[in-house]
Every structure is written in structure tokens, then in C-alpha cells.
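Undergrad: I am attaching a structure below and will ask some questions about it afterwards.
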Amino acid sequence: MFALSSGMPPAAIGVVRLSGPRAGAALETLAGRLPAPRRASLVLLRDRAGGPLDRALILWFPGPATATGEDLVELHLHGGRAVVAAVEAALAALPGLRRAEPGEFTRRAFLNGRIDLAEAEGLADLLAAETESQRVQALEMASGHVSRAVEDWQARLLALMAGAEAELDFSDEDDVDDGDATAHRLTEAMATLAADLNAWLARPAAEVIADGLSVVIAGPPNAGKSTLINALAQRELAIVSPVAGTTRDVIETPLALDGIAMRFSDTAGLRGAGADAIETIGIDRARAAVDAADILLWLGPPKEAPDHPRCILIAAQADRWRGDAAAEADAARCDLVLSAATGEGMEALHRHIVEMARTLLPREGEAALRQRQRAALAEARNWLTIDMASREAGDLILLAERLRLAAAALDRITGRAGVEEMLDTLFGRFCIGK
């Protein structure tokens, strides 16, 4: 198979990648020879009829120690559309070669044991990363951070399973502990391992980083919510009007603050009376957005703020209420004073949001788990969690079965078992030449 693995032409360089048992033969046909492995060579590429294609750098990587686990070739071409198209046409005319499907290079790397499923998911996230936090998190996953943790858990499980099997199979031997002592040690070790898995499950989910934190701007009508989201987005995203009820739906925009992906939402003004039927629907949606928010920016009287674990109280429209005693008193109870119209307090709001957002993200050096991985880890944790006072805690056969099921759940994280149904979905996220 072959595909363009660099950006679409025109570009300075176009990299065409070949992988599989016919890669070497195809390179010999186009270049006239196989170069020394893993050393760049400058050659004139020709088609089967001898016509010149391009003067290019070629690289030959004999398998299995390659990215895909197969023979691999890279052609570094001049990146013009005509050059790339001519080389691709010449490759398509060779016997046994075809264009790669999306994600097929990475899928072959997985099937040939060059990467595991967690690393493949990290690579997919790395290709899609748009912010610094997304890049760092995806790189942790693609570099095998999660995989190494799973390997450690699996090694501990295997040791526990070996102890259980030894007692079950050789209980009559003198050098094997009695069943009660073995069962007690097993249940204690299972509890310790379950606690370690719980620590990973307590980390923020990877989707929070990939999809962005939800930051909702809420408050009563005419509190300055639309003006604020326009100032944050630096464009006229929402209509600003003194008429109460102008915003009737949730208006969302993606933004990145200090490399952290976020989704800011402007909502309908919250009020209990005077709203028509359509505005009432908008208010219901606003309340739902507030409940689901990771961070809430409340532009209204502090005493009316919703009960939210991460709420920033903002005394907005400061350019309008200066000198009003009641407003000054409310502002004193807020986290910051702001005027989106004049820019007062915008830098402080930026810092406040980023500081709060960092508490929701993994700490430096920590990898977060995707929903699929979290589900498998939670299942393993559940199999390892057992009531120490129950009859099951003393039954070696049942304990051994729990250990086996926990190991099977962990296997699904790295793709050693039970993942065929989701491989097409995963690798379909990749571009053609990846």
C-alpha cells in the first residue's frame, strides 16, 4: 500500500510512504536499486517505461523493525501537485500495490505489535491536537504512559493469579501455604491494587482536554453577558441590546486560554417573570447549561448565584454603576470587578479562569484516560473490590475468577483482547497516509 503522508500539495516537500511486502520491489522499480537501509539517497525516480518522475530522496526501512512492522519506504519528493500525482500514478500501476485506507499505516503498526491500542488512541489525539494542553496530553498517551501503567497492573495481577493457582493445584504440597492464608493475602493485595486503579479513575477524563472545558456565562437579563462573550471572542458573536430577553438560546464559541481548550457559552437571562414562551425555553436551556458547566461566570447579585462548585462572581458593567452604593456593596462581595466595554478587569478574569481550569486538568506528568479506557479500568477495579467479611473473600476459586476477569478488563485498554468491534472506528479517524 502507499499514500501521501505529508500535507496536501503544493508544499516544499511531499512524502509518499509505502508499506508491505511489495515496498522493496516498488522502490527498486522506481529508483533502479535498493539503497543502504536507513540512509537517505538522492536518485532520479522513473516510471516502468523509464520516464523521469522526480529527483528525490529515498529511504529504505526493512521490516520488522519499522513503524508498521513491515518493509517500509519513504519517497521525499518535490511537493508540487503534478510531481506527487505522477509518482502516485506510477506506484498505482505496479503489481501488488494499492492506495492505503485512512489510518491503515497505524492499524498495521497495531496489528504487528509495534504499538498498542492506548498508544494508537494517543496518536489519533496528537494529530487532532489544537492547543498546548491537548498536545501534551496526547503525547503522554502516544508515548506509552498509560500502557506502562497497565503493564505494571497486569504483572501484579499475574503474580496474584499464580499464587491462587498454586494453592488450588498444589494444596497438598508442603511448600504451599494453606488456603486461608493465601485467600487473606490475595484479598489484601486486591484491595491495594483496586486503590491504585481508583487513583487513576479520580483523574480528569481525557475528553475534558480534547473537547474543552465548558465555561458558562450566566446571570439576570441585561447583566452584560453578551458583551462579555463578544469581548472574550474578540468579535460580534452575540447581539447586544438593552431589551430584556434578547438572548434566547445558548450561544457557544470555542476559545483557548493559555493553551487550554475551552467552550464559552452565553445564555439567556435568568428571570422568573415577564418571559414569553420562547424565552422560557431559553431560560430552561440556560439553567441546564449552568448545571453542566465546568466553570460558571456569574454576572449578577452574589446572593442570587447558583450553587456551583466552581463559580466566579463577577461585578460586571463597572463603567455603569460606579457611585451606586448598593452596586458597590454587591461588588465588594464578588471575586472581581469587570467592564467588558472598557476592558477593566479582563486580564484578571483571564487569570482567574485559567487558574480554576488548571485544577480540572491532569497535573504535569499525569496521563488522563479516555472514556473507553476509564470504563475498562472501572470494571477491573470492581472485580478487585470485595467485602473482606464475605464468604467469597475466603473462596480461592472465586478469587481466582475475579483476578482473571480483572486481567481481561485491563487487556482491553491496550488492545490485547475484545477490541475488534471498535478498531474500524478508531483507525478511521486517521488521515490517509497515517
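The values are calculated or read from the model by the stated rules, or taken from the named source; none is laboratory data. Small disclaimer: the values here were computed from a predicted structure and weren't measured. Every residue, glycine among them, receives a Cβ derived from its backbone with ideal geometry; neighbour counts consider all protein chains shown. With ligands, DNA and RNA removed, areas are computed over all heavy atoms of the protein, side chains included. Shrake-Rupley method; radii C 1.70, N 1.55, O 1.52, S 1.80 Å.
Undergrad: Hydropathy at least -1.0 by Kyte-Doolittle, axial extent at least 27 angstrom from the Cα trace: which helices of the chain, defined as entire DSSP H runs, fit? Present the calculation step by step, with values, prior to reporting the outcome.
TA: On the way: long enough: 145-169 (36 Å, 0.04); 179-201 (32 Å, 0.20); 396-414 (28 Å, 1.03).
Qualifying helices, which must be both long enough and hydrophobic enough, are 145-169, 179-201, 396-414.
Undergrad: Which value at 222 nm does the chain reach when only helices count, each DSSP H run of 4 or more adding -39,500 (n - 2.57), with the total divided by all residues and rounded to the nearest 500 deg cm²/dmol? Walk me through the intermediate numbers first.
TA: Values: 16 runs with 197 residues, N = 434.
One gets -14000 deg cm²/dmol as the mean residue ellipticity at 222 nm.
Undergrad: A further question on this structure: When all protein chains stay in place, what accessible area (Å², nearest 10, 1.4 Å probe) is found for L53?
TA: Approximately 30 Å² for this residue.
Undergrad: Sticking with this one: Report, by chain and number, residues whose modeled amide H sits under 5 Å from the one on F264, excluding near sequence neighbours (fewer than 5 apart, same chain).
TA: Close amide H contacts, sequence-distant or interchain: V215, T253, L255.
Undergrad: With a 1.4 Å probe and all protein chains in place, put T192, T182 in order of accessible area, largest first. Spell out each step's value before the answer.
TA: Details: T192 75, T182 10 Å².
So, going from the largest accessible area down, we get T192, T182.
Undergrad: Using Cα pairs closer than 8 Å and at least 6 residues apart in sequence, work out the relative contact order for the chain, in percent. Provide the component values of the computation, followed by the final result.
TA: On the way: 759 pairs, mean separation 74.9, N = 434.
Value for the chain: 17 percent.
Undergrad: Accessible area of H308, 1.4 Å probe, to the nearest 10 Å²?
TA: Only protein atoms counted, so the area is about 30 Å².
Undergrad: Which whole-number value in Å² is the accessible area per residue of the chain, probe 1.4 Å? Let's see the in-between values first.
TA: On the way: 20960 Å² over 434 residues.
Roughly 48 Å² per residue, with all protein chains present.
Undergrad: How high is the FRET efficiency between A65 and A93 when r is their beta carbon distance and R₀ equals 35 Å, given to the nearest 0.05?
TA: Values: r = 30 Å, r/R0 = 0.85.
It comes to 0.75.
Undergrad: Ok, one more. For M1, M161, M8, what's the largest-to-smallest order of accessible area, 1.4 Å probe? Before the final figure, lay out the partial values.
TA: Values: M1 10, M161 45, M8 155 Å².
Of M1, M161, M8, the descending order of accessible area is M8, M161, M1.
Undergrad: How far, in nm, would the chain grow between R363 and I13 when pulled straight, counting 0.36 nm per residue and subtracting the alpha carbon separation?
TA: Values: separation 350, 0.36 × 350 = 126.00 nm, distance 3.77 nm.
Roughly 122.2 nm would be gained on extension.
Undergrad: Still on this model: Considering only protein heavy atoms and a probe of 1.4 Å, how much of the accessible area of the chain is carbon and sulfur, as a whole percent? List each step's numbers first, then the result.
TA: Values: 10970 of 20960 Å².
Heavy-atom surface of the chain belonging to carbon and sulfur, 1.4 Å probe: 52 percent.
Undergrad: Out of residues 5 or more away from D47 or on other chains, whose amide H comes under 5 Å of its own, with H placed 1.01 Å from N in the peptide plane?
TA: Those lying under 5 Å, H to H, from D47 are L53.
Undergrad: For P(r) over Cα pairs in 20 Å bins from 0, in percent, the listed values are [x] 20, 34, 33, 13, 0; [y] 16, 26, 17, 12, 14, 11, 3, 0; [z] 25, 51, 22, 2; which was obtained by calculation from the structure presented?
TA: Recomputing P(r) over Cα pairs in 20 Å bins from 0, in percent here gives the entry labelled [x].
Undergrad: Taking the Cβ-Cβ separation of R287 and S390 as r and a Förster radius of 41 Å, what is the calculated FRET efficiency to the nearest 0.05? Let's see the in-between values first.
TA: Numbers: r = 44 Å, r/R0 = 1.06.
Between R287 and S390 the formula returns 0.40.
Undergrad: For D411, D284, give the ranking by accessible area with the largest first, probe 1.4 Å.
TA: Working: D411 40, D284 90 Å².
From most exposed to least exposed: D284, D411.
Undergrad: Still on this structure, I have one more. Full extension from A166 to R351: what is 0.36 nm times the residue separation minus their Cα-Cα distance, to one decimal in nm? Let's see the in-between values first.
TA: On the way: separation 185, 0.36 × 185 = 66.60 nm, distance 5.82 nm.
Gain on extension, A166 to R351, equals 60.8 nm.
Undergrad: So what is the relative contact order for the range 1-74, in percent, with contacts set as C-alpha pairs under 8 Å and at least six apart? Don't skip to the answer; put the middle values down first.
TA: Details: 131 pairs, mean separation 21.0, N = 74.
About 28 percent, as a whole number.
Undergrad: To the nearest 10 Å², what's E252's accessible area with a 1.4 Å probe?
TA: 100 Å²
Undergrad: Only bridges with both residues in the chain count here: give the DSSP antiparallel percent, nearest 5. All intermediate terms of the calculation are to be shown ahead of the outcome.
TA: Values: 29 of 45 bridges.
If we restrict to bridges inside the chain, about 65 percent are antiparallel.
Undergrad: Continuing with the same structure: Kindly write out, for the range 204-217 in residue order, the coupling ³J(HN,Hα) from the Karplus curve 6.51 cos²θ - 1.76 cosθ + 1.60 (θ = phi - 60°), rounded to whole Hz, with x marking Gly and Pro.
TA: My calculation for the range 204-217 gives x, 6, 5, 4, 4, 6, 5, 8, x, 6, 8, 10, 10, 9 Hz in order.
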